[in-house]
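Trainee: This structure is in structure tokens; I'll ask about it shortly.
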């Protein structure tokens, strides 16, 4: 039951009757009535003036009178400067709420076997360091986008590409080999990804010291970099790896194994997962093969030093290296190979890369290169580009002092949730086990919601303390609203007051109650818009508005103390469905909502 569609049909009939002209739904412009005016929907009459051959006020007045007289949907109307504000009859809202209540899948479209297949790549970690705050935004955006696409009836494959090879990986390996003294996650008590990150930082420290010594001896920075023994050893290790040297490969497998165990632990805490993981160590050769094919076919060219390049100057871009002079590949080569393998593996209709906006140029080039290589999917790649996320100055800092570690941040969020909940008395009378579960739910909900409510395209500052607030546009506020509704429903059950399945037709609703039902009814449109626009923040803003409107309603109108049984039954049914819709919205963010709090 879609009220806008019913209204459109009624307006089409009115125009036919009043002006003897046939119009279609695309010519009828309906908007939600602004809060300062009375009404639920507003008809914009200006596109209809050529039909009515009258001024906006006369046109709106005539259509309004017709609808109020002939349509059972419209109870009254008013005209403001040619805009026709229509008030929908209470009976319509009651029927709509019943329909919502009887449809458990309300807002979600079932996924059909022949639905379009979307592959979404997110996370993309390097095996030389642990996940950090930037990865958290990436993972949360990727996971939420997948859930929203599924809610829109799309088949989805969640995928990850692990950057497990290259010079940066060799830097960690070389540092551990030189200065690790056999340290392992077991011997150190460190998570594997944290341990390897320690050696990546150590390499950088030693390398900078070497450059400083060379420059102190009279060399320029460029000369010092060219003569760096440490960097040459790292490059040699990369060459040995690509030559499949047994000792180098075994070291690589051991250290990467430590990292993967650490990643898995972080992913589990964050609540994200993948259907298929690709590894650059397995895709870069496919990329090299495609680059060499492109070279043979004249798509690319080779310079005197043996490096292979793509000339994109005709596309208004620059020249792009695809293979270095020593034959080793670059990120672009690997992405070409990964794309080819993915489309070989799956009948992908849309390939989405969830990657920060600093890589906008990279994906513009990748799309062109794949197209030049003859892949039909090249031009259809989607780069879900998002802004950077930072912490306020002086807030949490990682053990390296430069990057905010994901594990540290999650632990800090849960601890902050515990302290805040204890201060507010929200853990009173709760068992320690239940308290642990609730503060984890609140802390992670605060983190996820605060990040996902922001338009992905925008840069953002993540403020841990602000995100835990139980008031305002935060995860805990929405979670608390859900718990409050569940508490009311439990009390109703204890008092023997049932939540009805149908409504009495003669109930007169307040504007606030009608507005809440109208807001509930918008959920499917919001889910669709979020999927169509790849904008997950629309879900967060909608759920917050719903929670905020419900809380105002809860304070202004009695629930269980309402003496009119029919009205009390309506309010309980409305509350039940607000809670269900809040939960559905938060599920799309990967956020749990508590039954009590």
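Trainee: For a quick check of your reading of the model, give me the residue pairs whose first member lies in region 263-291 and is outside any helix (DSSP H, G or I), whose second is surrounded by fewer than 18 Cβ atoms within 10 Å (Cβ to Cβ) and modelled with pLDDT of 95 or more, with beta-carbon atoms closer than 7 Å and at least 6 apart or on different chains.
Mentor: 278/341
Trainee: Regarding region 179-189, can at least one residue be identified that is at pLDDT below 95, in a helix (DSSP H, G or I) and farther than 30 Å from residue 140 by Cα?
Mentor: So far as region 179-189 goes, no, none of its residues is at pLDDT below 95, in a helix (DSSP H, G or I) and farther than 30 Å from residue 140 by Cα.
Trainee: Sticking with this one: Of these, 334, 364, which one is more than 18 Å from residue 116 (Cα to Cα), at pLDDT below 95 and not in a loop (DSSP other than H, G, I, E, B)?
Mentor: Going through 334, 364 in turn, just one is more than 18 Å from residue 116 (Cα to Cα), at pLDDT below 95 and not in a loop (DSSP other than H, G, I, E, B): 334.
Trainee: Still on this structure, I have one more. So residue 589 fits all but one of (1) crowded, with 23+ Cβ neighbours inside 10 Å; (2) assigned to a helix (DSSP H, G or I); (3) touching a helix residue (DSSP H, G or I) at 6+ places or on another chain (Cβ under 6 Å); what number is the exception?
Mentor: (2)
Trainee: Can you go through 143, 194, 135 and tell me which one is more than 17 Å from the chain's Cα centre (by Cα) and not in a loop (DSSP other than H, G, I, E, B)?
Mentor: Being more than 17 Å from the chain's Cα centre (by Cα) and not in a loop (DSSP other than H, G, I, E, B) holds for just one of 143, 194, 135, which is 194.
Trainee: Let me ask something else about it. Of all residues in region 80-112 being free of Cβ contacts under 8 Å to residues at least 24 places away in the same chain and more than 30 Å from residue 268 (Cβ to Cβ), which is surrounded by the most Cβ atoms within 10 Å (Cβ to Cβ)?
Mentor: Per the criteria, the residue is 89.
Trainee: Can you find a residue that is surrounded by fewer than 21 Cβ atoms within 10 Å (Cβ to Cβ) and without any contact (Cβ under 8 Å) to a residue 24 or more places away in the chain anywhere in region 470-479?
Mentor: Yes; the residues of region 470-479 include at least one that is surrounded by fewer than 21 Cβ atoms within 10 Å (Cβ to Cβ) and without any contact (Cβ under 8 Å) to a residue 24 or more places away in the chain.
Trainee: Which of the numbered conditions does residue 245 fail, given that it passes all the others? Conditions: (1) in contact with a strand residue (DSSP E or B) (Cβ under 6 Å, 6 or more places away or on another chain); (2) at pLDDT 95 or above.
Mentor: (1)
Trainee: Within region 277-312, count every residue that is crowded, with 21+ Cβ neighbours inside 10 Å, over 12 Å from residue 373 (Cβ atoms) and out of contact with any strand residue (DSSP E or B) (no Cβ under 8 Å at 6 or more places or on another chain).
Mentor: The qualifying residues number 1.
Trainee: So, residue 540, is that one touching a strand residue (DSSP E or B) at 6+ places or on another chain (Cβ under 6 Å) and surrounded by 19 or more Cβ atoms within 10 Å (Cβ to Cβ) or not?
Mentor: It is false that residue 540 is touching a strand residue (DSSP E or B) at 6+ places or on another chain (Cβ under 6 Å) and surrounded by 19 or more Cβ atoms within 10 Å (Cβ to Cβ).
Trainee: Then there's this: For region 545-565, which positions are assigned to a helix (DSSP H, G or I) and surrounded by 12 or more Cβ atoms within 10 Å (Cβ to Cβ)?
Mentor: Residues satisfying the conditions are 545, 546, 547, 548, 549, 550, 551, 552, 553, 554.
Trainee: Just checking, does region 8-24 include any residue being touching a strand residue (DSSP E or B) at 6+ places or on another chain (Cβ under 6 Å) and either exposed (fewer than 13 other Cβ atoms within 10 Å of the Cβ) or within 25 Å of residue 510 (Cα to Cα) (or both)?
Mentor: No: region 8-24 contains no residue that is touching a strand residue (DSSP E or B) at 6+ places or on another chain (Cβ under 6 Å) and either exposed (fewer than 13 other Cβ atoms within 10 Å of the Cβ) or within 25 Å of residue 510 (Cα to Cα) (or both).
The values are calculated or read from the model by the stated rules, or taken from the named source; none is laboratory data. The shown structure was predicted, so the numbers you read here are calculated from the model rather than taken from an experiment. Glycine gets a Cβ as well: all are built from the backbone with ideal geometry, and neighbour counts include every protein chain shown.
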